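Worksheet for the structure shown next.
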Amino acid sequence: MLNKTIVIIPSLDPDEHLKETVEGLKSFGFTRFVLVDDGSKEENKKNFPDPTDDIVVLHHEVNKGKGAGLKTAFAYIKENLKDAKYMVTVDGDGQHAPADAKKCVEALGDNENQCILGARCFSQDNVPLRSKIGNNITLFVFHKLCGIQISDTQTGLRAFPTALIPLLLNIEGERFEYETNMLLKFKQRGVEINEVPIETVYIEENHASHFRTIQDSFLVYKFILAYVLSSAISFVVDISFFAIFLKIFTKTSLTGSISIFGKEILLVQFFATACARLISSLVNYNINKHKVFDYEGENKEGKDNTLLKYYALAIPQMFVSAFAVTILVRILSIPATATFLTTLIKVCVDTIIFLVNYRVQRVWVFADKPSK
C-alpha cells in the first residue's frame, strides 16, 4: 500500500528537521515524496533533500502559502504520478511521527471517497495555549454551525486517495484557510471525514509555524464572516426596498388592514414588507449560493432545487421568529410598553435562528451530491 502512496511536504524556510522527517518516513516504508519549496530563503534551501527518482522537489519563486503548496503537489501528482493511489500530507518540522503517517494511510483502505485526519490530543500540557484556543474555537464552529464532528480541525497530517485530486484542486484558498475550506467542501460533497488518534508533538512551542495569528485567523474564519456580510447586505436591500414600496403603495388605493398574531397591520405595510422581503431574499440566496457556500450546481445530476429548499427554510423561519417572540413576551409577562425588553427577546430569538439557518443551509440547502 505504501509503495502506491505519495508523501506531500510543503515547506517554507525549513530547518534540519525536514531531512530528518523524510528519513524517518523512509524507515517506516514510505518511498515516494513530493516536497514543495514555498519561496524559501536561499540559506534554508540547503535543508531540502536532494532530488532523486523518488524525491521530487518543486519550487515557488515567492511564498504563496500552504494551500498553494498543497495544490502544486496535487497538480504534479495528477499529471506525472498517475500510478499513485494514495497521498498523505505531512509537516516538515518533525511534529508528525512517521508511524502516525503510516497509520493514517492504512486507515484509508479501499474507500476512494474519504479523508483520514491525524487527530492530536489538545488536553496535554505540551500543547501551546494558542493552539488550544484556536482548536477549541474552530471545534465549536465546526460542530455547531457546520455539522462536522471532528476533534482536530487544524491537523496537517491528512491522508487521501488520489481520486479526490480534482476536488482538492478546485477548493478555494492559498494559505492556511485552504485546510479549513477542504473540510467544509468535503462535508458539502459527501466525502467521509474520519480520524485516527496520533501522537501530540510540539517542538519548542511550535516556533517553526508560519501561521500568522491575525491575518490567517481572518482567512480561516472568512466563511463565517461572509455569511454575516451576506445577511447584512440583504438587510440593507430589504430596508431600502421596503421604503421604496411603502412610498409607492401609499399613493395607491390600497387600504384596510390584516391581523397577524393578534396585531393589526396595514395592507400597505404588509405588501411593502412582502415585496421587499422577496427581493432581499433573492439577493441573499444568490450571495449565499455562489459566495458563502460555494455551491457547484453544475456538478449535480438533475435539476438544481436549491431555490425551493431555500424558501422551504426561509418562509417557516419568518413565522417561527414572530411566533417565538410573541410566546416569550406572554410567558415572561412583558408589558407592551417595555419595548426594549421585547426588542432584546427578538434579537436573541433571531440570533439563534440565524445560527441554525447557517447550518441548515450548509448541510441541506447547498449540499452537493456525493463526490464521484
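The values are calculated or read from the model by the stated rules, or taken from the named source; none is laboratory data. The structure presented is a predicted model; accordingly, all values stated were derived computationally and were not measured. All Cβ positions, even for glycine, are placed from backbone atoms using ideal geometry, and neighbour counts span all protein chains on display.
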Quick one: would you say Glu264 is at pLDDT 75 or above and assigned to a strand (DSSP E or B)? no
Scan the range 65-87 residue by residue and report those that are among the β-branched types (Val, Ile, Thr) and within 23 Å of Gln114 (Cβ to Cβ). Ile77
Residue ID - surrounded by the fewest Cβ atoms within 10 Å (Cβ to Cβ), chosen from residues in the range 86-112 that are in a loop (DSSP other than H, G, I, E, B) and among the hydrophobic types (A, V, I, L, M, F, W, C): Ala97
Taking the range 113-141 and keeping residues assigned to a loop (DSSP other than H, G, I, E, B) and modelled with pLDDT under 90 leaves Arg120, Cys121, Phe122, Ser123, Gln124, Asp125, Asn126, Val127, Pro128
It is to be established whether one or more residues within the range 167-175 are crowded, with 20+ Cβ neighbours inside 10 Å and of a type in the set (D, E, K, R). yes
Whether any residue in the range 312-332 is among the aromatic types (Phe, Trp, Tyr) and at pLDDT below 85 is what I want to check. yes
So is Lys82 assigned to a loop (DSSP other than H, G, I, E, B), over 26 Å from the mean Cα position of the chain (by Cα) and among the charged types (D, E, K, R) or not? yes
